[in-house]
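Report on one structure; see the data block that follows.
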Amino acid sequence: RESALEQADEEEEQKLLQNKTKQKKKSSPAVSKSVVKSDTGTTVKLQREKKVVDELVNRRTVFVGNLPVNCTAQVLKSRFKEYGQIKSIRFRSLVPAEDTLSKKLAAIKRKVHPNAKFVNAYIVFEEECDAIKALKENGTEIASGFHIRVDIASKSSSHDNKRSVFVGNLSYDISDDAVREHFSVCGGVVAVRIVRDRNTGLGKGFGYVLFEDTDAVHLALRLNETDLMGRKVRVQRCGDKGKVPRKPPGQPRAPKGGAGTASGAKHRPDDSFVGETATPLRKGGKPKRLRTAPGSKTGRKNK
């Protein structure tokens, strides 16, 4: 009897241990999920904070494009220091002289590809208002044949399409100043932006020209198919790419029912067969009998 009681106690203890292990297994996924969720929430929060910090820095940063390749940080500092205290200057769009060199190392050692003609830079100011003042340098000539483009680096800055034109079929090695000179006859040019490849620095064959007023856009459209460095350039309004041309106002519209038909009726050939439209039966309804012609009865011939 005593051995039987001991055995029962042992079985109860084993059952309790098994129940505890099961509860631990059930609770462990929940704990891991909560840890993953907390880690994900922390990561998302850090990403948001970093995004806000980057945006604040970008508001204090100006992008300076179309700089000569031999431009130095000292030259930029001496030119922009009158607008406020400069925190840092970094060069971008450099094409290294050797494939083994990184762009950052090429910028430090000034080992740039011999065919490279220009570089871009970012200037970070201590205050946002100083960066806005520096926009006065936009369009000024920093060296012979180099009119710089100065803009706020923040993504919130919008481009005015009403004062801009899209220029296509450009030469790959064309310079910003060549495009500026070609369109300067239309009016004051605020900025020229040639879209280029990051690795080679060569143009992709298209760009944009921003004018001082909208009247210059009308004149710029007349330069469509004109020759620029041996190529017939394509000039369009910004946003007009790929749009279907509108029909002339004098052309009549086709009726809604079909093209070239009157009163919306579909055109059918003369020898086509047109059947009668069937009337759908109502739910639970009986089909109607066919009416016979007057004076005739079922099973009798008409007299």
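The values are calculated or read from the model by the stated rules, or taken from the named source; none is laboratory data. Computed from a predicted model, the values in this text were never measured in an experiment. Positions of Cβ are generated from backbone atoms using ideal geometry, with glycine treated the same way; all protein chains shown enter the neighbour counts. Side chains included, ligands, DNA and RNA excluded: accessible areas come from the protein's heavy atoms. Shrake-Rupley method; radii C 1.70, N 1.55, O 1.52, S 1.80 Å.
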By per-residue mean of other Cβ atoms within 10 Å, what is the highest-first order of 169-182, 216-229? 169-182, 216-229
For segment 51-152, dividing by residue count, accessible area per residue (probe 1.4 Å) in Å² works out to 57
In segment 164-237, if the dipole is taken from +1 on Lys/Arg beta carbons and -1 on Asp/Glu beta carbons about the Cα centre, which of Asn199, Asn224, Val185 is farthest to the positive end? Asn199
Can you send over the carbon and sulfur percentage of the accessible area for segment 164-237, probe radius 1.4 Å, protein chains only? 46
Per residue, how many Å² of accessible area does segment 164-237 show with a 1.4 Å probe? 50
Cross-link table Lys77/Lys133; Lys204/Lys232; Lys77/Lys103; Lys51/Lys77; Lys77/Lys204; Lys104/Lys136, entries beyond 19 Å C-alpha to C-alpha: Lys77/Lys103; Lys51/Lys77; Lys77/Lys204; Lys104/Lys136
Where the accessible area of segment 51-152 is counted over protein heavy atoms with a 1.4 Å probe, how much of it, in %, is carbon and sulfur? 51
